[in-house]
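Below: the structure, in structure tokens.
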């Protein structure tokens with residue numbers, strides 16, 4: 001852990017010195033240098049949030065100053081960005097972490113600074129929740145593809161709604177109609193659980209416990225579900241492992257958040273027993289699928305149905321991952337995201353199976369095999385993949401699949417998981433995205 005944070009700090013400083021911010025937000029590395037890739041601006045909060053986490057873990061105030069100043073000067077457009085489903089990524093990682101640190105007494109209490117964080121998080125939560133498709137029985141926050149589209153990723157943006165609800169906020173509509181952020185949180189999660197996650201109950205020929213679809217498509221004329229789809233995975237009927245990981249961790253952390261909610265608030269939404277039951281089922285199914293379909297060191301390949309995966313043999317999940325193979329790339333960012341879900345679910349359920357799996361992932365990510373020890377390489381965790389179908393990822397000379405590179409979300413979530421683990425090891429206050437009472 002000490003080595004990890006030392007390397008992490010070096011990478012943050014390296015990016016701060018070398019990266020040309022006029023390009024846009026850093027997304028992934030090419031030959032060890034962070035570059036941008038236009039789709040939506042969803043990674044900037046991870047860049048500055050990483051500096052805030054670095055301070056949290058080490059106490060080095062230079063990183064606090066870096067993260068705080070960048071949050072104030074750079075993040076405002078993300079607070080009122082109506083075009084994305086990424087508010088939980090950008091704004092809770094920055095404003096949210098700063099407010100949490102103030103609540104913990106890690107940074108000095110300042111009334112105006114506190115109010116600044118509060119109002120930005122309240123605004124962000126309402127903007128995110130307003131991006132809503134109503135269904136006959138519920139609804140969902142729709143992706144940047146449009147109102148017909150639910151992404152697996154978006155369960156992680158429920159962070160924004162949770163914090164907004166804690167801060168006493170709501171969504172205000174026409175004629176002053178007030179909608180609960182908690183209601184939208186639970187309804188989006190239920191739609192994700194019902195349509196993005198499979199439980200071996202015969203929904204289609206490929207239905208398997210814990211399999212996930214990256215995108216779920218709905219008919220806006222009548223609200224009916226139409227089909228699974230995948231934007232970044234191999235197919236609608238295979239599992240893109242980063243989408244799987246978003247649900248693993250999003251579900252587990254929301255289970256922890258629900259413990260802070262009074263029973264009376266959950267009663268109109270089906271009651272605590274019903275709500276927690278579908279969250280637990282979703283979290284267990286996805287975590288079980290990850291464990292069953294990942295090599296023994298905890299680093300998955302980018303998609304469980306990737307077309308050339310067969311070339312690695314039928315025992316591909318019975319041995320360690322092979323990032324330099326010639327068939328299909330691994331995705332360390334999926335591991336970095338999913339590790340936290342495994343550890344949180346293990347603690348929530350008291351089930352050592354999930355805890356041990358999460359610790360295995362972390363042991364591998366922090367090892368020489370995946371930790372980027374080259375002082376000139378700006379990335380922290382090696383061997384991530386962004387968009388394999390589009391061919392966006394760099395393939396080094398002499399290799400046939402992407403490898404050796406990093407991404408901003410993988411690096412951030414490795415830091416977040418490491419901070420979570422470090423606090424457990426040191427018996428420090430339990431790390432949560434939400435504001436503890």
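The values are calculated or read from the model by the stated rules, or taken from the named source; none is laboratory data. Being a predicted model, the structure only gives us computed values, none of them experimental. With ideal geometry, Cβ positions are generated from the backbone for all residues, glycine too; neighbour counts draw on all protein chains shown.
Looking across segment 59-69, the residues that are free of Cβ contacts under 8 Å to residues at least 40 places away in the same chain and crowded, with 20+ Cβ neighbours inside 10 Å come down to 67, 68. Residues in segment 348-362: is at least one without any contact (Cβ under 8 Å) to a residue 12 or more places away in the chain and assigned to a helix (DSSP H, G or I)? Within segment 348-362, one or more residues are without any contact (Cβ under 8 Å) to a residue 12 or more places away in the chain and assigned to a helix (DSSP H, G or I). The lone criterion from (1) assigned to a loop (DSSP other than H, G, I, E, B); (2) touching a residue at least 12 places away in the same chain (Cβ under 8 Å); (3) under 27 Å from residue 98 (Cβ atoms) left unmet by residue 373 is number (3).
Has segment 40-58 got any residue that is at pLDDT 95 or above, within 30 Å of residue 221 (Cα to Cα), within 21 Å of the chain's Cα centre (by Cα) and buried (at least 22 other Cβ atoms within 10 Å of the Cβ)? No, every residue in segment 40-58 fails to be at pLDDT 95 or above, within 30 Å of residue 221 (Cα to Cα), within 21 Å of the chain's Cα centre (by Cα) and buried (at least 22 other Cβ atoms within 10 Å of the Cβ). Does segment 216-227 contain at least one residue that is in contact (Cβ under 8 Å) with a residue 60 or more places away in the chain, surrounded by 22 or more Cβ atoms within 10 Å (Cβ to Cβ) and within 26 Å of residue 277 (Cβ to Cβ)? Yes; the residues of segment 216-227 include at least one that is in contact (Cβ under 8 Å) with a residue 60 or more places away in the chain, surrounded by 22 or more Cβ atoms within 10 Å (Cβ to Cβ) and within 26 Å of residue 277 (Cβ to Cβ). Residue 275 satisfies every condition listed in (1) over 22 Å from residue 436 (Cα atoms); (2) buried (at least 19 other Cβ atoms within 10 Å of the Cβ); (3) more than 17 Å from the chain's Cα centre (by Cα) except (1). For residue 285, the conditions (1) touching a residue at least 12 places away in the same chain (Cβ under 8 Å); (2) part of a helix (DSSP H, G or I); (3) surrounded by fewer than 23 Cβ atoms within 10 Å (Cβ to Cβ) are fulfilled apart from (3). Would you pick out the residues in segment 388-420 that are under 26 Å from residue 157 (Cα atoms) and part of a loop (DSSP other than H, G, I, E, B)? Across segment 388-420, the qualifying residues are 388, 389, 390, 392, 393, 405, 406. Total residues in segment 295-315 satisfying the condition of being touching a strand residue (DSSP E or B) at 6+ places or on another chain (Cβ under 8 Å) and buried (at least 23 other Cβ atoms within 10 Å of the Cβ): the figure is 5. Summed over segment 256-276, the residues that are closer than 18 Å to residue 431 by Cα and assigned to a helix (DSSP H, G or I) give a count of 3. Condition first: assigned to a helix (DSSP H, G or I), in contact (Cβ under 8 Å) with a residue 12 or more places away in the chain and under 21 Å from the mean Cα position of the chain (by Cα). Can you find one or more residues in segment 14-37 that meet it? No, segment 14-37 contains no residue that is assigned to a helix (DSSP H, G or I), in contact (Cβ under 8 Å) with a residue 12 or more places away in the chain and under 21 Å from the mean Cα position of the chain (by Cα). List, please: which pairs have Cβ atoms under 7 Å, are six or more places apart or on different chains, and start with a residue in segment 291-308 that is not assigned by TED's automatic domain parsing to the domain that holds residue 362 and end with one that is surrounded by fewer than 24 Cβ atoms within 10 Å (Cβ to Cβ) and not in a loop (DSSP other than H, G, I, E, B)? Here the result reads none, with nothing in segment 291-308 linked to a residue that is surrounded by fewer than 24 Cβ atoms within 10 Å (Cβ to Cβ) and not in a loop (DSSP other than H, G, I, E, B).
Okay, residues lined up against (1) in a helix (DSSP H, G or I); (2) touching a residue at least 12 places away in the same chain (Cβ under 8 Å); (3) farther than 20 Å from residue 385 by Cβ:
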| residue | (1), (2), (3) |
| --- | --- |
| 163 | yes, yes, yes |
| 182 | yes, yes, yes |
| 231 | no, yes, no |
| 246 | yes, yes, no |
| 254 | yes, yes, yes |
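Once segment 112-121 is narrowed to residues that are crowded, with 21+ Cβ neighbours inside 10 Å and touching a residue at least 40 places away in the same chain (Cβ under 8 Å), the residue that is nearest to residue 77 (Cα to Cα) is 120. For residue 316, state whether it is out of contact with any helix residue (DSSP H, G or I) (no Cβ under 6 Å at 6 or more places or on another chain), modelled with pLDDT of 95 or more and more than 18 Å from residue 394 (Cα to Cα). Here the answer is yes, as residue 316 does meet what is asked. When segment 316-343 is filtered for residues that are in a loop (DSSP other than H, G, I, E, B) and out of contact with any strand residue (DSSP E or B) (no Cβ under 6 Å at 6 or more places or on another chain), the ones remaining, listed by number, are 319, 320, 322, 324, 325, 326, 327, 329, 331.
What do you reckon, is residue 151 surrounded by 21 or more Cβ atoms within 10 Å (Cβ to Cβ) and either modelled with pLDDT of 95 or more or more than 15 Å from the chain's Cα centre (by Cα) (or both)? Spelling it out, residue 151 is indeed surrounded by 21 or more Cβ atoms within 10 Å (Cβ to Cβ) and either modelled with pLDDT of 95 or more or more than 15 Å from the chain's Cα centre (by Cα) (or both). Based on what the data block shows, is residue 27 under 28 Å from residue 189 (Cβ atoms), at pLDDT 95 or above and assigned by TED's automatic domain parsing to the domain that holds residue 166? When the stated conditions are applied, residue 27 passes them. Checked against (1) outside the structural domain of residue 382 (by TED's automatic domain parsing); (2) in contact (Cβ under 8 Å) with a residue 60 or more places away in the chain; (3) in contact with a helix residue (DSSP H, G or I) (Cβ under 6 Å, 6 or more places away or on another chain), residue 51 passes all but condition (2).
Condition first: loosely packed, with under 15 Cβ neighbours inside 10 Å and either in contact with a helix residue (DSSP H, G or I) (Cβ under 6 Å, 6 or more places away or on another chain) or over 26 Å from residue 375 (Cβ atoms) (or both). Now tell me which residues in segment 388-423 satisfy that. Those that are loosely packed, with under 15 Cβ neighbours inside 10 Å and either in contact with a helix residue (DSSP H, G or I) (Cβ under 6 Å, 6 or more places away or on another chain) or over 26 Å from residue 375 (Cβ atoms) (or both): 389, 390, 391, 400.
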